[in-house]
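Worksheet: the structure to be examined is printed underneath.
The values are calculated or read from the model by the stated rules, or taken from the named source; none is laboratory data. Keep in mind it's a predicted model, so treat the numbers as computed, not measured. For neighbour counting, all protein chains shown are included, and Cβ atoms are generated from backbone atoms with ideal geometry for every residue, glycine included. Accessible surface is based on the protein model in full, side chains and every heavy atom, while ligands, DNA and RNA are left aside. Shrake-Rupley method; radii C 1.70, N 1.55, O 1.52, S 1.80 Å.
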Protein chains: 2
Amino acid sequence: MTHVDAREPQQDRSRATRARLLAAAITCLAELGWSASTVAVVAERAGVSRGAAQHHFPTREALFTAALEHVTRERGEQMRRQFAEQGRQLSTEAIVEVVFGLFSGTFFRAALMLWVAAAAEPQLREQVVPLEARIGREVHRMVVDVLGVDERVDGVRETVQATLDLARGLGLANLLTDDGARRGRIARQWAHTLERTLPR
Amino acid sequence: MTHVDAREPQQDRSRATRARLLAAAITCLAELGWSASTVAVVAERAGVSRGAAQHHFPTREALFTAALEHVTRERGEQMRRQFAEQGRQLSTEAIVEVVFGLFSGTFFRAALMLWVAAAAEPQLREQVVPLEARIGREVHRMVVDVLGVDERVDGVRETVQATLDLARGLGLANLLTDDGARRGRIARQWAHTLERTLPR
């Protein structure tokens, strides 16, 4: 038993180190961009030795894709909880605002930096493409569920996809300047459009 | 007169050098991303000496924002001509496809690389923000004109903006994988929606 007891705190420490590295990777990526976000920079920001960082993540690509996967899962669960608690009472406009909100802030900024870097780096691209596809499918499924729409109806699938593509485009428009007020007006208008075109 | 004659070919050469640098800047940016697109790399690709490149564009930021401005003007004129010739005969779906097409290919890829780099580099950001605003206004105006809609009507402005934000989001979705087939389906669906919601 003493053997197990001695190992437990070490596992906790290891888990905490990993979590710190993932969080630091996201903020570095969002603030500095891909080129400046080396493993050394992330390790320093996390207060972890470079050796420890490399023990957890053998490559730079592995560190950043794991970080994005981690945040996606967290945010997905958060959104699912929010929708599960309030889903049926939420207005279409409130749902649209939650979806638009997913594509803003540090998380979206970090993801954007990674997607764009992957366009010029084949090694990174290989890891990012399947991750992007999985994230896309999960978010799509959540939005279909919370809107309570039937994708077998003609045009419904495309309208839900358009909602997510619109959210992504708004996220990009919000990158260099605060576009929040305009986004709010578009959310209202988009909610009207959804109510008129999607049978809930 | 001999003085003028002697200067003319030199001016032509200078203009040709400038044009080659602008074109090379766009392809470098689209293919290599911002970090790898130095003035030296662009000059080599253009077949121009580094000194000549620096004579035309004193800073790296000046070269790339000029390049983007140049391509924007060219593509804007091309779109305006196409719309002027065919505007009233174009179906809403064809118009949506032209607009979506603006946010794809080398031009959009280069612009995206520049926007995203500007998020992490204040000096670049200063030049990119007013350029982005101007491009945004010009494209918006063109789309309003070709759709023949009245922005004083409630919701029209937001719906036109949403069309452009949707196009931008689709452009981003097309960055790492060919998303053309899905984009075509969304264009069809979006054209239906526009026809139902925008009085032309």
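Structure above, values below:
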item	result
Filter result for residue A:92 (within 14 Å of chain B (Cβ to nearest Cβ) and either open to solvent by 20 Å² or more (accessible area, probe 1.4 Å) or touching a residue at least 40 places away in the same chain (Cβ under 8 Å) (or both))	no
Test: residue in the range A:174-196 that is within 24 Å of residue B:161 (Cβ to Cβ), within 13 Å of another protein chain (Cβ to nearest Cβ) and modelled with pLDDT under 90	yes
Qualifying residues in the range B:95-122 (those that are at the interface with chain A (Cβ under 10 Å from one of its Cβ atoms) and open to solvent by 20 Å² or more (accessible area, probe 1.4 Å)) - the one nearest to the chain's Cα centre (by Cα)	B:103
Candidate set from the range A:123-152 (those that are within 14 Å of another protein chain (Cβ to nearest Cβ) and basic (Lys, Arg)); member that is farthest from residue A:65 (Cα to Cα)	A:137
Yes/no for residue B:65 being in contact with a helix residue (DSSP H, G or I) (Cβ under 7 Å, 6 or more places away or on another chain), more than 25 Å from residue A:124 (Cα to Cα) and polar (S, T, N, Q)	yes
Of all residues in the range A:140-185 being over 14 Å from residue B:193 (Cβ atoms) and β-branched (Val, Ile, Thr), the one that is farthest from the chain's Cα centre (by Cα)	A:153
Check on residue A:116, at negative phi, in contact with a Pro (Cβ under 9 Å, 6 or more places away or on another chain) and touching a residue at least 24 places away in the same chain (Cβ under 8 Å)	no
Flag for residue A:30 being under 30 Å from residue A:189 (Cβ atoms), in contact with a Lys or Arg (Cβ under 6 Å, 6 or more places away or on another chain), open to solvent by less than 50 Å² (accessible area, probe 1.4 Å) and in a helix (DSSP H, G or I)	yes
Pairs with Cβ under 9 Å, 6+ apart, first in the range B:147-165 and under 13 Å from residue B:190 (Cα atoms), second assigned to a loop (DSSP other than H, G, I, E, B) and open to solvent by 10 Å² or more (accessible area, probe 1.4 Å)	B:159/B:149; B:159/B:198; B:160/B:149; B:160/B:151; B:160/B:198; B:164/B:103
Which listed residue, of A:74, A:44, A:61, is modelled with pLDDT under 95, in a helix (DSSP H, G or I), open to solvent by 90 Å² or more (accessible area, probe 1.4 Å) and out of contact with any His (no Cβ under 9 Å at 6 or more places or on another chain)	A:74
